[in-house]
Structure formats: C-alpha cells, structure tokens
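Below is one structure; the comments refer to it alone.
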Amino acid sequence: MTTTLAGGRAARRQTMRRIRPRRSPAALLLVAVGAGAAGVVWLWWANTPSVAGNGGRILNAGRITGLLAGYLMALVVLQMARVPALERRVGSDRVARWHAMSGRYTLCLVLAHVFLTMWGYAVQAGRSLGDVVGQTVQSVEQLPDLGKAAIGTGLFVLIGLTSIGAVRRRLPYDTWYHVHLLTYAAVFLTFWHQITTGNDFAVQPAAKTVWYGLYGTVTALVVWYRILTPVRLNLRHRMRVEAVIEETPGIVSVLIGGRKLHRMGAEAGQFFRWRFLAPGMRFSSHPYSLSAAPRPGLLRITVKAIGDHSARLRELEPGTRVWAEGPYGALTAARRSRGKVLLVAGGVGITPMRALFETLPGAAGDITLLYRANSTQDLALWGELAKIADERGARLMYAVNSPDGERPDISAESLRRKIADIDRHDVFLCGPPGFARSVYEALRGAGVPARRIHHESFEM
C-alpha cells in the first residue's frame, strides 16, 4: 500500500509565487566572527606591555590561547542553539560543519592553553618541562575554579574523541548525540576560571562585562530555541501518529496529525528532529525531511530503514504522541535564482525533492526531476510524482540499474544530452554522500555554476 497526498491549496499557491532569491548571510557572519577574534587578540595585546624571560613568553602564549579558546567556546554553543537565522538562512549542513571545525579548534586551543600555562608556571618556579604534571596538580588544588575547569577539559577531550570519524561511525547515533550534549556542561565548568583567574578580566572590568554579555546572550539563545520554543510548538500543535504506510520494501511513510500544522512555518525541503513517545524510542531524536508540503492537519515523513531508529518506525501505533523540533534547513525555494530548476534525488533523498517538486514556483516546462534508484521497485512515491508532473506540466525522469546490474550514466555529457540548457538551471540535490559528490562533479562539468547547485549534506 502507498500513500497519495493530493496537492493542497497552500501548495498550489506556492507554485504561483514570484521567484525571490534570498542571499545567505554566511559571509557577513564569518566577517563578524573574525572581528570578534581580532578583538580578543587586541585585549591580550593591550594588557601585555612587556614580556620578560622564557617563563613570561610561555605564560603569555598560554594567555592568548586561553582567551581564543574561551571565545570559540561561546561560538561552539551558539552553533548548537539552532537559531532560525542560522538554520534556515545559512543552512543546517553548513552550521554543522562550522560547529565541527570550531570544536576542533577549541579543543586544540584548550589543550595548548593548559600545557603552556602549566609549563610557564613551572619555569617561573624554577622547575623543568618534566614537572608540568606536578605543577598542574598543584595549580588545580590552589587556584580558584581550576578544579571545575579540569573536569570541563576532560569532558572536551571525551567529546573530541567521540567525534573522530572512525569512532563516531562505530557509535550508535543516540550515544554520540547524548555525549555531545556534555558540551554545555564542559563550557559551564570552564567558564568560571576564565573570570576568576584571567588576568585580562581582572585589569579590564569592561572586558569582564563584555565576556558576561557574550556568554549570557548565547545562554539565552540556547534556552529559548532549544527548550522554550520546542515546548511552545508541541503544546500548540499536539502532534500524533495518524498512520504508518509502507511505500516500497524498507521505506515507510509516517503520517502525523495535529492542530494547524501549516502554521508551523515549515517549507518544502526542510526537516524536523522527531521524537516518537513510544517504548524504546522516547529518548531518541532523529532528523527526517518532510516528504510533502504541510497540510492544515497533516505532515508526512518518508524514511528508509537504515538504522535501529528508522527501522522501528514501522512499529509505531496510531495515536503515538510526537515531539518535534524545527523546522530546520535551507534547501527551500528561497535559494532559487533562475526560472528553470532541476531536482536530483538519490534513494530516500527523494523526500525533500518530492515536496519541492510539488511546490516550487514555475510554469509548465520549468521544473524537471531526476530520480536515481537501484530498481523501479525502489522508486518510492512514484505515483505521486507522476501525478504532480501531469498537473504541473513538469518533466519526470528516472535512472535505475539495468537488469544485469549496470549503473546508469549520470555524467556531464549525459546531463547535457537530456537537458540541453542545464547550465541555465538552478539545481537542488539530495542523496547519499557518494551519489551527491558524483552528481555535483557532473553538474559542474556540465557548466552549472557552484552557486546554483543547492544541497544540504552533512558529509560533503
């Protein structure tokens, strides 16, 4: 059995909207981050009139690495706050990559700060490099809030180890996710020693005020968007599972009912983080894209069983309470800049593409969807896609393996043959990482500028 969702009025109105491309603020945000880092360096420089001796040089190196680590800690938490301006304008994938990169830099700076500071103390006390461990133990026992900072540093190391690619791939997603949440505790524990033992904040009360303001603002954003906003959303819309329907072997659609769901602010191409309050699933939160435009009383996700959580979705009972956070993601019509659009989907990547195929503004002939799957039996939602194509005058193509298993050719040459003016298209792309990389390279080879290839990938 498969689902068939008729196009809603809101979806039809969406197709008639004007194209209004929205620029990403990523470049301006990076400039602002750089300006903040420059301000931190200036603070260190202004409070360092002179440096004398090896101990002084090492200690001052420890000071600047500590200040930069403290600044980046605030940014790491900000990138976890799921602020809509970041998630929807910059894109969840890019924010996730910023977060991963900031986390690596932060951990390196924290470790450098600890080592250099303890080494500098040891040199000033007439000790050698080999006495760093003993100096560290002594400082933790004597200096205020350094015990908390030591625990926080240990948590940062644990988080960093579990974020290494080889380790993360072996960990269950839920384990990695909950360990990652310890970032909040690590930042809290390391914050206080910055204020109580940081020389720059002792001699510059204004700097201390700015530091409190930075961390206070980030804390407020986390509380608002990670706690209060989801509580308000779920109390208002009261979502429950309506039905679970198998689309193709291994792929199910979950229909989710609730109150005024079209007013959640979700757009085609976006996703929510879903928590199903069923036995064994209530502590797991996973991201799944909408596979249809929101209806007043219905949302739908379509999921392939590739892990424990996704495999258990088929067991959900109607009436199961649903807790959602979002919407997130910037793979929406707002990225479009040209009249013609090519949507490319691989496997279960069809879910956001199906929603965009239904709602992207455009006249007959403007929208093309290319769907890659292993076989025709794996073409989930094909009946709906064909109906949408007929109603909109859109073009629908599929690329499946031949009976002997040969993979279809999706190269720059084949794309140009199928779509002669492909270089004048916007392209929306979603699929497994390997597929997405190969199609991206083919599109570039076919003459599509990188700025007009829109994708959200957490591994590309």
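Points to keep in mind about this one:
- Selection of segment 373-403 for residues being surrounded by fewer than 19 Cβ atoms within 10 Å (Cβ to Cβ) and β-branched (Val, Ile, Thr) yields Thr376, Val400.
- Qualifying residue in segment 125-137 (condition: buried (at least 19 other Cβ atoms within 10 Å of the Cβ), part of a helix (DSSP H, G or I) and touching a residue at least 40 places away in the same chain (Cβ under 8 Å)): no
- Boolean, Val210 is out of contact with any Pro (no Cβ under 9 Å at 6 or more places or on another chain) and either in a helix (DSSP H, G or I) or among the aromatic types (Phe, Trp, Tyr) (or both): yes
- Hey, Ile227 open to solvent by less than 60 Å² (accessible area, probe 1.4 Å) and part of a helix (DSSP H, G or I) or not: no
- Filter result for Val157 (out of contact with any helix residue (DSSP H, G or I) (no Cβ under 6 Å at 6 or more places or on another chain) and of a type outside the set (D, E, K, R)): yes
- Subset of segment 108-124 [open to solvent by 40 Å² or more (accessible area, probe 1.4 Å) and either within 29 Å of Thr162 (Cβ to Cβ) or assigned to a loop (DSSP other than H, G, I, E, B) (or both)]: Cys108, Leu111, His113, Val114, Phe115, Trp119
- Residues satisfying the stated conditions in segment 332-348, i.e. modelled with pLDDT under 90 and open to solvent by less than 10 Å² (accessible area, probe 1.4 Å): Arg336
- Cβ-Cβ distances below 8 Å connect the following pairs, each with a first residue in segment 147-173 that is more than 16 Å from Cys108 (Cα to Cα) and part of a helix (DSSP H, G or I), a second residue that is open to solvent by less than 30 Å² (accessible area, probe 1.4 Å) and polar (S, T, N, Q), and a separation of six or more residues or different chains: Lys148/Thr190; Arg168/Thr162; Tyr173/Ser284.
- Residue count for segment 246-270 satisfying the condition of being farther than 25 Å from Glu456 by Cα and open to solvent by 20 Å² or more (accessible area, probe 1.4 Å): 5.
- Of all residues in segment 138-160, those satisfying the criterion of being open to solvent by 40 Å² or more (accessible area, probe 1.4 Å) and over 37 Å from the mean Cα position of the chain (by Cα) are Gln138, Glu141, Gln142, Leu143.
- For segment 234-289, a tally of residues being polar (S, T, N, Q) and under 24 Å from Leu360 (Cβ atoms) returns 3.
- Tally, over segment 33-80, of residues that are within 19 Å of Val203 (Cα to Cα) and either outside any helix (DSSP H, G or I) or not hydrophobic (A, V, I, L, M, F, W, C) (or both): 14
The values are calculated or read from the model by the stated rules, or taken from the named source; none is laboratory data. From a predicted model like this one, the values you see are computed outputs, not experimental measurements. Please note: Cβ atoms are built from the backbone with ideal geometry, for glycine as well, and neighbour counts cover all protein chains shown. Remember, those area values only see protein heavy atoms, side chains included, never the ligands or the DNA or RNA. Shrake-Rupley method; radii C 1.70, N 1.55, O 1.52, S 1.80 Å.
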